[in-house]
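Undergrad: Next up is a structure, given as structure tokens.
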Amino acid sequence: MASPPAELTTLLTRLAASGAEFLLVGGLAAVAQGAPLTTQDVDIVHRRTPENVDRLLAFLASLNACYRGRNDVRLPPSRPALLGAGHNLLMTDLGPLDVLGTIEGGRGYDELSPAAIRISLGDETVQVVALPTLAELKRGSTSAKDKLTFSILEATIRRQRDEG
């Protein structure tokens, strides 16, 4: 894996060790596959079963996770919120973690897992959504940031294909 901020790597390693089932998506997933991007958070899509959500909640509690942007009150994530399809944008002791029920096109863990590859991270293995799927997810976006990211992902895929 490339070199994201140390706290994000520690966050991801500890999450992988927690036993929670998740897929790494977003900027860090692209960086892990050689894309020259900068990212400031960890984005995951988690399996939304009651057992997995309970494992994820235990992990989040161990890092004092709470919702970002709520300066007046520390609100920890809840089981109902994590069982839902929405986005839970959290701050932990090790940095920002976006816990996503679904992403573009309403795709959740089960829809995305066939497009995952495994990457070693220290003693842990992390499932990461493959670069072509990450690019496909950004392809139709109208966001300027997503359009730029799409261009970078496409260029990285071409470079890797030419080198391989």
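Undergrad: Looking at Ser120, Leu100, Ser141, which one has the Cα that reaches farthest to the positive end of the dipole of the stretch 79-142 (charges on Cβ: Lys, Arg +1; Asp, Glu -1)?
TA: Ranked along the dipole, the leading option is Ser141.
Undergrad: What number comes out for the charge environment of Ser141, summing +1 per Lys or Arg and -1 per Asp or Glu over other residues with Cβ under 10 Å away?
TA: Taking every other residue near Ser141 into account, the sum is +2.
Undergrad: If you don't mind, another one. What number does the chain give for Rg over Rh if you use C-alpha atoms and the Kirkwood radius?
TA: 0.96
Undergrad: How would Ile44, Ile152 line up from fewest to most surrounding beta-carbon atoms within 10 angstrom?
TA: So the residues, fewest neighbours to most, are Ile152, Ile44.
Undergrad: For a quick check: sort His46, His87 by the number of other beta carbons within 10 angstrom, fewest at the front.
TA: His87, His46
Undergrad: Given the rule -39500 (n - 2.57) for each run of at least 4 DSSP H residues, summed and divided by the residues of the chain, what is its mean residue ellipticity at 222 nm, to the nearest 500 deg cm²/dmol?
TA: So the calculated ellipticity at 222 nm is -12500 deg cm²/dmol.
Undergrad: For helix 50-62, what angle does its Cα long axis make with the longest principal axis of the chain, in degrees from 0 to 90 and rounded to 10?
TA: 80 degrees
None of the figures in this text is laboratory data; all of them are computed from the coordinates on show. Bear in mind the structure is a predicted one, so any value in this text is a computation, not a measurement. All Cβ positions, glycine included, derive from the backbone under ideal geometry; neighbour counts span all protein chains shown.
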